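See structure below.
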């Protein structure tokens with residue numbers, strides 16, 4: 001074979017390997033409470049594979065996942081906070097949804113944030129953010145299927161300036177309900193949102209789909 005042909009073949013093979021690496025879907029792990037996982041429901045609807053994790057996974061084990069979801073009334077005090085913080089620092093995407101008010105901890109976060117009053121609805125702050133694509137107005141509603149504090153939706157108070165507020169409580173209240181932040185090589189998304197009405201109410205379906213597409217888009221090849 002002519003030397004130039006061998007070079008051309010090598011270039012094509014290398015390009016093919018790069019394309020295969022880019023096409024590999026992100027690896028997703030889910031940690032949830034006893035009530036199941038909203039993330040699992042949404043990812044299954046999007047036909048995205050995932051693995052159910054326990055908090056016993058070692059810090060090195062976390063790095064096997066591009067995106068980790070912790071959701072549905074999980075006690076964040078039960079996490080190995082430093083391990084999850086290190087996971088984000090090394091390029092992981094951490095999504096925390098509807099954390100349990102009793103047992104909230106910020107040990108996993110490099111930035112201050114605290115738990116606040118309950119919420120059933122929200123108001124979009126950044127209408128141009130990918131999470132809110134297709135929303136006709138600034139309202140976030142119909143996420144939970146029941147009323148009252150037992151629904152479990154929370155809000156946040158005193159977030160550090162590094163947190164970007166994407167949605168707040170309605171009625172002029174300042175408490176955020178969805179925030180995000182970058183840290184070192186990774187990214188964090190934190191939301192006080194349930195998805196009881198996913199696939200039943202347009203707003204819940206739209207927000208759930210947008211949120212997980214956005215989280216997956218943040219995953220970096222490692």
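The values are calculated or read from the model by the stated rules, or taken from the named source; none is laboratory data. Just so you know, these numbers come straight off a predicted model, no measurement behind them. Backbone-built Cβ (ideal geometry, glycine too); neighbour counts: all protein chains shown.
Can you go through 113, 68, 42, 30 and tell me which one is surrounded by 11 or more Cβ atoms within 10 Å (Cβ to Cβ), within 17 Å of residue 154 (Cα to Cα) and modelled with pLDDT of 90 or more?
113
Under the condition of being exposed (fewer than 15 other Cβ atoms within 10 Å of the Cβ) and touching a residue at least 60 places away in the same chain (Cβ under 8 Å), which residue from the stretch 45-65 is farthest from residue 219 (Cα to Cα)?
Only one residue fits best here, namely 45.
I'd like the residue in the stretch 36-53 that is closer than 12 Å to residue 195 by Cβ and part of a loop (DSSP other than H, G, I, E, B) and, out of all such residues, is nearest to the chain's Cα centre (by Cα).
37
Taking only the stretch 157-193 into account, find how many residues are touching a helix residue (DSSP H, G or I) at 6+ places or on another chain (Cβ under 6 Å) and in a loop (DSSP other than H, G, I, E, B).
Counting residues in the stretch 157-193 that are touching a helix residue (DSSP H, G or I) at 6+ places or on another chain (Cβ under 6 Å) and in a loop (DSSP other than H, G, I, E, B) gives 1.
Say whether the condition of being more than 30 Å from residue 90 (Cβ to Cβ), in a loop (DSSP other than H, G, I, E, B), in contact with a helix residue (DSSP H, G or I) (Cβ under 7 Å, 6 or more places away or on another chain) and modelled with pLDDT of 90 or more is met by at least one residue in the stretch 136-144. Talk me through it step by step, then tell me what you get.
Just the residues of the stretch 136-144 that are more than 30 Å from residue 90 (Cβ to Cβ), to begin with: 136-144.
Those left that are additionally in a loop (DSSP other than H, G, I, E, B): 136-138, 141-144.
Cutting the leftovers down to in contact with a helix residue (DSSP H, G or I) (Cβ under 7 Å, 6 or more places away or on another chain) gives us 141-144.
Then keep just the ones that are modelled with pLDDT of 90 or more; that gives none.
No, the stretch 136-144 contains no residue that is more than 30 Å from residue 90 (Cβ to Cβ), in a loop (DSSP other than H, G, I, E, B), in contact with a helix residue (DSSP H, G or I) (Cβ under 7 Å, 6 or more places away or on another chain) and modelled with pLDDT of 90 or more.
Find the residue count for the stretch 116-142, including only residues that are exposed (fewer than 15 other Cβ atoms within 10 Å of the Cβ) and over 13 Å from residue 177 (Cβ atoms).
7
How many residues are in contact with a helix residue (DSSP H, G or I) (Cβ under 6 Å, 6 or more places away or on another chain) and part of a strand (DSSP E or B) when one looks only at the stretch 60-96?
6
Which one is nearest to residue 119 (Cα to Cα), of the residues in the stretch 177-192 that are free of Cβ contacts under 8 Å to residues at least 60 places away in the same chain and surrounded by 23 or more Cβ atoms within 10 Å (Cβ to Cβ)?
Applying the first criterion (free of Cβ contacts under 8 Å to residues at least 60 places away in the same chain) to the stretch 177-192 yields 177-178, 180, 182.
Going one step further and asking which of them are surrounded by 23 or more Cβ atoms within 10 Å (Cβ to Cβ), we end up with 177-178.
Details: 177: 8, 178: 11 Å.
Taking the candidates together, the pick is 177.
Can you spot a residue in the stretch 103-110 that is within 19 Å of residue 193 (Cβ to Cβ) and buried (at least 20 other Cβ atoms within 10 Å of the Cβ)?
Yes: one or more hits.
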